[in-house]
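J.: This is the structure I have questions about; it appears just below.
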Amino acid sequence: MQTFQALTSEQQENPLLALQETSQYASPEEMKTMLWEWYKTTVNGSFNRVSRRNRSEITFTYELVLKLFGALDLINKQKQL
């Protein structure tokens, strides 16, 4: 299985940087709220009715989640070595 492409080359070298990026962007409570908005928008099918700013936030949240999974995958692989 390959590394998630969402990670930068620096984050691939040091996956903790992806975790730091996420924590600098939003607190766990803020991330929970953003994920809930993303979920509601997806289930309701209302993405086209959401403001451009909120659509950008949903997209960025998705990208952060990909980075988190990528970082967790790398950390897990490093621990298995």
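J.: Would you kindly identify the helices (runs of 4 or more DSSP H) lying entirely within region 1-63 that contain at least 2 residues that are hydrophobic (A, V, I, L, M, F, W, C) and under 30 Å from Lys77 (Cα atoms)?
T.: In region 1-63, 16-25, 28-44 are the helices (runs of 4 or more DSSP H) which contain 2 or more residues that are hydrophobic (A, V, I, L, M, F, W, C) and under 30 Å from Lys77 (Cα atoms).
J.: Right, another one. Please enumerate the residues belonging to region 33-59 that are within 29 Å of Glu13 (Cβ to Cβ) and without any contact (Cβ under 8 Å) to a residue 24 or more places away in the chain.
T.: Those that are within 29 Å of Glu13 (Cβ to Cβ) and without any contact (Cβ under 8 Å) to a residue 24 or more places away in the chain: Ser56, Glu57, Thr59.
J.: Please pick out the residue among Tyr62, Tyr39 that is touching a Phe, Trp or Tyr at 6+ places or on another chain (Cβ under 9 Å) and among the hydroxyl-bearing types (Ser, Thr, Tyr).
T.: Working: Tyr39 fails: touching a Phe, Trp or Tyr at 6+ places or on another chain (Cβ under 9 Å).
After ruling out the rest, the residue left standing is Tyr62.
J.: Go through (1) free of Cβ contacts under 8 Å to residues at least 40 places away in the same chain; (2) of a type outside the set (Asp, Glu); (3) out of contact with any Ser or Thr (no Cβ under 9 Å at 6 or more places or on another chain) one by one and return the number of the condition Gln11 breaks.
T.: Unmet for Gln11, out of (1) free of Cβ contacts under 8 Å to residues at least 40 places away in the same chain; (2) of a type outside the set (Asp, Glu); (3) out of contact with any Ser or Thr (no Cβ under 9 Å at 6 or more places or on another chain): (1).
Any read-out appearing in this document is the output of simple, stated calculations on the displayed coordinates, not a laboratory observation. In this text the structure is predicted, and so the values were computed from the model without any measurement. Neighbour counts are summed over all protein chains in view; Cβ atoms, including those assigned to glycine, are modelled from backbone coordinates with ideal geometry.
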